[in-house]
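Here the structure is laid out as structure tokens; the discussion comes afterwards.
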Amino acid sequence: MRVIIRKTYEEISLAAANLVKARIKKKPELILGLATGSTPVKLYQELIRMYQEEKLRFVFVKSFNLDEYYGLSSDHPQSYRCFMNTRFFDHIDIDKANTHIPDGRTKDPEEFSAWYEEQIRGMGGIDLQLLGIGSDGHIGFNEPGSSFSSRTRLVALDAQTVSDNARFFERKEDVPLSAITMGIGTILEAKELILLASGESKAEVVAAAIEGPLSSMIPASALQLHPRVTLFLDETAASALTRKRYYHFAEESEQNLGRELF
Ligand code: PGA
């Protein structure tokens with residue numbers, strides 16, 4: 001696991017955007033796994049800026065989002081489809097037909113989930129998956145207790161997640177109680193993973209995920225099983241890590257060896 005620590009949220013967002021840009025430059029038809037939530041917002045703003053100012057192109061990129069609330073239609077303002085369109089897709093040259101987000105209104109979640117997995121497989125798998133981390137350690141909407149080999153499916157949301165996400169809804173009662181999410185097994189099949197975390201409220205769970213034992217109670221600890229993961233943490237999110245000096249040293253050593261960070 002590579003751990004990149006920067007002072008601010010803005011700096012980690014830019015660093016992560018630079019990684020995404022490098023991967024798209026190398027493979028214009030990248031299959032990109034995307035995430036929602038407040039954490040990736042600035043990363044998407046940076047990618048939009050790179051599109052406008054640095055000729056970064058998304059025309060050949062295809063995307064798959066991690067998850068969607070179950071019960072919300074795609075035009076609901078709090079749906080993740082709406083989030084992705086307004087925060088990212090509407091501002092770049094991606095073909096919306098190439099963007100995939102689980103259908104929150106499907107009548108048959110099981111059949112839909114199998115179809116979603118098939119789409120990912122059929123395109124050769126996800127090259128680069130972006131992730132955030134929930135304050136309960138979830139990735140996607142894989143709540144504590146999710147199997148490390150879980151696949152895309154309908155899941156019940158943890159009370160902690162419902163409470164964390166209530167800030168986006170007018171009333172707490174409006175927060176959906178379930179979602180369709182890629183499984184941890186699905187996420188681990190992506191060829192490369194990046195996870196961003198910002199803020200004090202993530203410090204303990206980030207430390208548990210990176211430096212604690214593998215445990216389904218901390219779903220993000222499953223990332224320890226993946227050979228190619230970069231974590232971008234701001235100083236507050238990194239504040240409970242015990243091996244910060246090593247992570248800085250490892251990054252410096254890479255640079256001293258003349259290796260490109262990304
Ligand atoms: P957040 O959510 O970015 O809004 O903190 C992260 C997540 O739930 O994955």
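The values are calculated or read from the model by the stated rules, or taken from the named source; none is laboratory data. This structure is a prediction, so every number in the text was calculated from the model and none was measured. In this analysis, Cβ positions are derived from the backbone assuming ideal geometry, glycine residues included, and neighbour counts consider all displayed protein chains.
P144 meets the conditions (1) part of a helix (DSSP H, G or I); (2) more than 12 Å from the ligand (Cβ to nearest atom); (3) in contact (Cβ under 8 Å) with a residue 40 or more places away in the chain in every case but one. The failed one is (1).
Could we say that A222 is among the small types (G, A, S), outside any loop (DSSP other than H, G, I, E, B) and in contact (Cβ under 8 Å) with a residue 40 or more places away in the chain here? Outline the logic, then answer.
On the way: among the small types (G, A, S): yes; outside any loop (DSSP other than H, G, I, E, B): yes; in contact (Cβ under 8 Å) with a residue 40 or more places away in the chain: yes.
It is true that A222 is among the small types (G, A, S), outside any loop (DSSP other than H, G, I, E, B) and in contact (Cβ under 8 Å) with a residue 40 or more places away in the chain.
Check the range 51-61 and report whether any residue there is of a type in the set (D, E, K, R), out of contact with any strand residue (DSSP E or B) (no Cβ under 9 Å at 6 or more places or on another chain) and at positive phi. Within the range 51-61, one or more residues are of a type in the set (D, E, K, R), out of contact with any strand residue (DSSP E or B) (no Cβ under 9 Å at 6 or more places or on another chain) and at positive phi. Inclusion of E10 among residues that are at pLDDT 95 or above, within 16 Å of the ligand (Cβ to nearest atom) and surrounded by fewer than 16 Cβ atoms within 10 Å (Cβ to Cβ) is warranted.
Scanning the range 147-176 for residues that are within 13 Å of the ligand (Cβ to nearest atom) and among the hydroxyl-bearing types (S, T, Y), we see that the one that is surrounded by the most Cβ atoms within 10 Å (Cβ to Cβ) is T161.
Counting just the residues of the range 77-86 that are away from the ligand (no atom under 13 Å from the Cβ) and buried (at least 16 other Cβ atoms within 10 Å of the Cβ), which one comes out nearest to V229 (Cα to Cα)?
Once the filter is applied, the top-ranked residue is M84.
Of I126, I139, all but one fail to be buried (at least 22 other Cβ atoms within 10 Å of the Cβ), within 16 Å of the ligand (Cβ to nearest atom) and among the hydrophobic types (A, V, I, L, M, F, W, C); the exception is I139.
Residues are listed down the side, and each one gets a yes or a no for (1) surrounded by 20 or more Cβ atoms within 10 Å (Cβ to Cβ); (2) farther than 18 Å from K21 by Cα:
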{"site": "K55", "(1), (2)": "no, no"}
{"site": "V61", "(1), (2)": "yes, no"}
{"site": "Y69", "(1), (2)": "yes, yes"}
{"site": "F88", "(1), (2)": "yes, no"}
{"site": "D93", "(1), (2)": "no, no"}
{"site": "K96", "(1), (2)": "no, yes"}
{"site": "T99", "(1), (2)": "yes, no"}
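The residues listed here are I126, I120; of these, the one that is assigned to a helix (DSSP H, G or I), among the aliphatic types (A, V, I, L, M) and closer than 22 Å to P219 by Cβ is I120.
Tallying residues that are more than 21 Å from the chain's Cα centre (by Cα) and over 14 Å from R153 (Cβ atoms) within the range 94-116 yields 2.
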